[in-house]
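Student: Okay, handing you the structure first.
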Amino acid sequence: MRTTGIVVGTDGTETSDAAIDWAAREAHQRGLTLRIVHAFDWDWRESRFEIGNEHVDTARAQAEGIIAAAVERVRNIAPELTPQTFTLIGHAVPRLLESARGAQLLVLGRRGRGGFAGMLLGSTSQRVATHAPCPVVVVGGSPAADAPIAAGIDDSPNADLVLETVFNAAADQNCPVTVIRACPPVVPAWVTADPPNVEAAELARLDEQLAPWRSKFPDVRVEVVLTHDTPPAALVAASGKARLIIVGSHGHGLVTGTLVGSTSLQLLHHAACPVYIVRPLPQ
């Protein structure tokens, strides 16, 4: 399946309802198509028996009810949107990954049915976010409507793509941006008689990174936060004061072959607002 718009997965839970709402607003704001996908498991071996047909019919009816409820949510948020809907048989992870091929964005709720009480990130959401072929938003928490968009920026090659996403989103939503840079602690004075001014150097590098984007988006107000916390701690803290937090799929220290680094993964588990993981679209 190919699409140039937004794909959102739903299983009828509260967090997937939040994902539907977020995806509908985003599709409306960006003028993109919206595709709603629900996957349900059915053991094909049961089809050999009469009870198997009853089972799949019941499962399909429940799935169609979930899709219908999702469409109704979209209509309430963006009446002019006409979402495409797909009810698919199979495990949610592979079906969602297939549906995301060619999409500009995949949106998920933080956790779905099943799992363990108290877990903030469900296994399906984690596996899909880790392997998705496109950028992913995992919706969770209770963001304030008037809060800024936050972004974690390092000096990795992915940083410009994150900044492009952040400034475009802030311009669309007419809101400020908080840019967070985590840097190593300042060298203690007893280590050397002339300790380097790490903060000044990091701020200078960050200002250089931001300069072209500030020029391109002069109406977007930018706050820069330099912190000596670890990146995960700094970003989780920032998520409590943000409507959305945007990060790259991985920065420095990545493990070869992984699509989501440890910082992004910790943020998915603990953020107090939706998390947008940026990754390049396939050419």
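The values are calculated or read from the model by the stated rules, or taken from the named source; none is laboratory data. Bear in mind the structure is a predicted one, so any value in this text is a computation, not a measurement. All Cβ positions, glycine included, derive from the backbone under ideal geometry; neighbour counts span all protein chains shown.
Student: Can you tell which of A144, A193 is at pLDDT below 85, outside any helix (DSSP H, G or I), in the same structural domain as D219 (by TED's automatic domain parsing) and more than 21 Å from G248 (Cα to Cα)? Walk me through it before giving the result.
Tutor: Numbers: A144 fails: in the same structural domain as D219 (by TED's automatic domain parsing).
A193 is the lone residue from the list that is at pLDDT below 85, outside any helix (DSSP H, G or I), in the same structural domain as D219 (by TED's automatic domain parsing) and more than 21 Å from G248 (Cα to Cα).
Student: Regarding A211, is this residue modelled with pLDDT of 95 or more, not in a helix (DSSP H, G or I) and not basic (K, R)? Give the derivation first.
Tutor: Details: modelled with pLDDT of 95 or more: yes; not in a helix (DSSP H, G or I): no; not basic (K, R): yes.
For A211, the condition - modelled with pLDDT of 95 or more, not in a helix (DSSP H, G or I) and not basic (K, R) - is not met.
Student: Filter segment 143-160 down to the residues that are within 20 Å of V220 (Cα to Cα) and surrounded by fewer than 17 Cβ atoms within 10 Å (Cβ to Cβ), then identify the one that is farthest from the chain's Cα centre (by Cα).
Tutor: Only one residue fits best here, namely D146.
Student: Quick one: count up the residues across segment 99-110 that are modelled with pLDDT of 95 or more and farther than 23 Å from R25 by Cβ.
Tutor: Qualifying residue count, segment 99-110: 0.
Student: Here are some conditions: (1) crowded, with 22+ Cβ neighbours inside 10 Å; (2) among the small types (G, A, S); (3) modelled with pLDDT of 95 or more. G122 meets all but one. Which one does it not meet?
Tutor: (3)
Student: Six or more apart or on different chains, Cβ under 8 Å: which pairs go from a residue in segment 71-91 that's under 19 Å from R30 (Cα atoms) and among the hydrophobic types (A, V, I, L, M, F, W, C) to one that's modelled with pLDDT of 95 or more and in a strand (DSSP E or B)? Could you list them?
Tutor: V71/I36; V71/T85; V74/L34; V74/I36; L81/L34
Student: Just give me the residues in segment 75-109 being closer than 23 Å to A59 by Cβ and among the β-branched types (V, I, T), in sequence order.
Tutor: T85, T87, I89, V93
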